[in-house]
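> Shown below is the structure under consideration.
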Amino acid sequence: MSDSNDLIAFIASMSGEGNLRVEENLGDGYVKLRVSEAERRQAKHDIQSVEDIVIEMLRNARDAGADRVYIATSKEEGVRTLLFLDNGSGVPMGMMERIFDARVTSKLETMKMDKWGVHGRGMALFSIKQNAQSAEVLTSGPGLGSVFRVIVDCSSLKERVDQSTWPQAEKNDEGVFVCTRGPHNIVRTACEFALEELRGCDVFLGTPTEIASTLYNQARRELDASSLLFMDDESGLPVISRLGFAADASDFIQIASTLGIEISERTAHRILAGSIAPLRSVSARLLRERTTPSERLMRQVDLERDRRGLKISKDDIASFSRAVEKDFNDLASRYYINLLGEPKVRVLKDKITVTFDLGKEE
């Protein structure tokens with residue numbers, strides 16, 4: 001990468017910096033475009049409200065190839081917390097901080113024009129960072145989607161007072177659904193984006209608990225239990241599917257925490273028991289559709305598949321763990337290995353897996 005940056009510097013010295021768009025090649029398909037000080041100052045004024053942050057993050061997810069975006073939002077003592085989870089292309093580990101720098105983008109030749117203007121200049125995340133209390137990538141990876149968390153002090157950056165009223169949707173003169181009536185709050189922002197990207201990108205909006213329930217229920221429908229058999233943890237799964245790896249409330253709480261969602265043990269049990277219903281997408285709710293295209297795909301039923309779940313009590317699992325540990329000791333003595341801790345027993349829908357963490361004798 002240093003060779004390419006040397007070439008950039010040479011071209012700039014020979015032809016003048018004004019003729020060169022790229023300042024630095026960051027690798028992994030990312031570049032840093034040249035930016036003037038005036039553009040840096042203007043960036044702070046590009047975000048005028050919390051709702052502006054929401055639309056920029058939605059556009060960012062869409063441009064990363066996401067067809068599902070989940071927004072978990074909460075507010076406490078004047079501080080708004082926004083979580084954005086998507087199934088887009090993801091962010092490489094080395095870029096998780098740099099993508100918030102000015103003019104850093106992976107869209108050198110693919111800037112997009114939509115109803116909100118030009119997107120892909122590499123300034124949206126920079127502008128958000130400038131105006132928010134904090135903005136960060138919590139977890140991501142190439143091909144795994146991303147989780148962004150943005151925290152905003154609403155005394156510094158305004159938001160609409162009414163954050164509960166939903167807009168109405170009506171067809172305009174061209175026969176296209178648009179939002180009418182209602183405050184321009186976070187809900188309406190999400191709805192306007194969803195209608196603009198109808199059948200291209202579904203948006204789910206709710207509290208952290210509602211989003212957790214939605215992610216879990218969708219993941220359980222989509223994931224094949226056999227694909228989880230040889231996984232040690234959930235990190236290899238797309239971020240929006242990771243809660244489907246949870247075998248119990250303890251797992252659920254731990255995985256949710258890595259996604260920026262903090263829930264109680266009681267809430268985790270309620271989600272696992274199906275007591276908290278998953279959300280419908282904002283477009284489905286707005287248009288009063290029973291399901292969206294992505295939801296219909298997930299709900300296609302294989303009539304030959306047995307979907308009865310396996311349930312085993314904690315006492316029986318503990319007894320089984322002790323029994324297999326005893327049998328394992330016979331094997332360990334012959335191959336000079338030690339068992340590190342108790343065997344881990346996972347009960348899935350149609351199988352039981354036992355994991356032995358090993359240590360070799362010196």
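The values are calculated or read from the model by the stated rules, or taken from the named source; none is laboratory data. In this text, all values refer to a predicted model and were calculated from it rather than measured experimentally. For neighbour counting, all protein chains shown are included, and Cβ atoms are generated from backbone atoms with ideal geometry for every residue, glycine included.
> Considering every residue within region 58-70, establish whether at least one is modelled with pLDDT of 95 or more, in contact with a strand residue (DSSP E or B) (Cβ under 7 Å, 6 or more places away or on another chain), assigned to a strand (DSSP E or B) and not hydroxyl-bearing (Ser, Thr, Tyr).
Yes; the residues of region 58-70 include at least one that is modelled with pLDDT of 95 or more, in contact with a strand residue (DSSP E or B) (Cβ under 7 Å, 6 or more places away or on another chain), assigned to a strand (DSSP E or B) and not hydroxyl-bearing (Ser, Thr, Tyr).
> Kindly establish whether Arg160 is in a strand (DSSP E or B), of a type in the set (Lys, Arg) and surrounded by 12 or more Cβ atoms within 10 Å (Cβ to Cβ).
On the way: in a strand (DSSP E or B): no; of a type in the set (Lys, Arg): yes; surrounded by 12 or more Cβ atoms within 10 Å (Cβ to Cβ): yes.
It is false that Arg160 is in a strand (DSSP E or B), of a type in the set (Lys, Arg) and surrounded by 12 or more Cβ atoms within 10 Å (Cβ to Cβ).
> Moving on to the next point. Is it the case that Ile151 is in contact (Cβ under 8 Å) with a residue 60 or more places away in the chain and surrounded by fewer than 19 Cβ atoms within 10 Å (Cβ to Cβ)?
Values: in contact (Cβ under 8 Å) with a residue 60 or more places away in the chain: yes; surrounded by fewer than 19 Cβ atoms within 10 Å (Cβ to Cβ): yes.
Criteria met by Ile151.
> For region 130-145, give me the residue count where each residue is among the polar types (S, T, N, Q) and under 20 Å from Gly65 (Cα atoms).
In the first step, residues of region 130-145 are kept if they are among the polar types (S, T, N, Q); the result is 130-131, 133-134, 139-140.
Going one step further and asking which of them are under 20 Å from Gly65 (Cα atoms), we end up with 139-140.
Total meeting the criteria: 2.
> Restricting to region 251-277, count the residues that are polar (S, T, N, Q) and free of Cβ contacts under 8 Å to residues at least 40 places away in the same chain.
Within region 251-277, the first condition is being polar (S, T, N, Q), and the residues that meet it are 254, 257-258, 264, 267, 275.
Cutting the leftovers down to free of Cβ contacts under 8 Å to residues at least 40 places away in the same chain gives us 254, 257, 264, 275.
Residues flagged as polar (S, T, N, Q) and free of Cβ contacts under 8 Å to residues at least 40 places away in the same chain within region 251-277 amount to 4.
> Go through Arg221, Arg242 for me and flag whichever is at pLDDT below 95 and part of a helix (DSSP H, G or I).
Working: Arg242 fails: at pLDDT below 95.
It is Arg221.
> While we're here: Here is a list: Asp101, Asp86, Asp114, Asp52. Which entry is at pLDDT 95 or above and more than 18 Å from the chain's Cα centre (by Cα)? Break it down into steps so the answer makes sense when it comes.
Working: Asp101 fails: at pLDDT 95 or above; Asp86 fails: more than 18 Å from the chain's Cα centre (by Cα); Asp114 fails: at pLDDT 95 or above.
Checking each option against the conditions leaves just Asp52.
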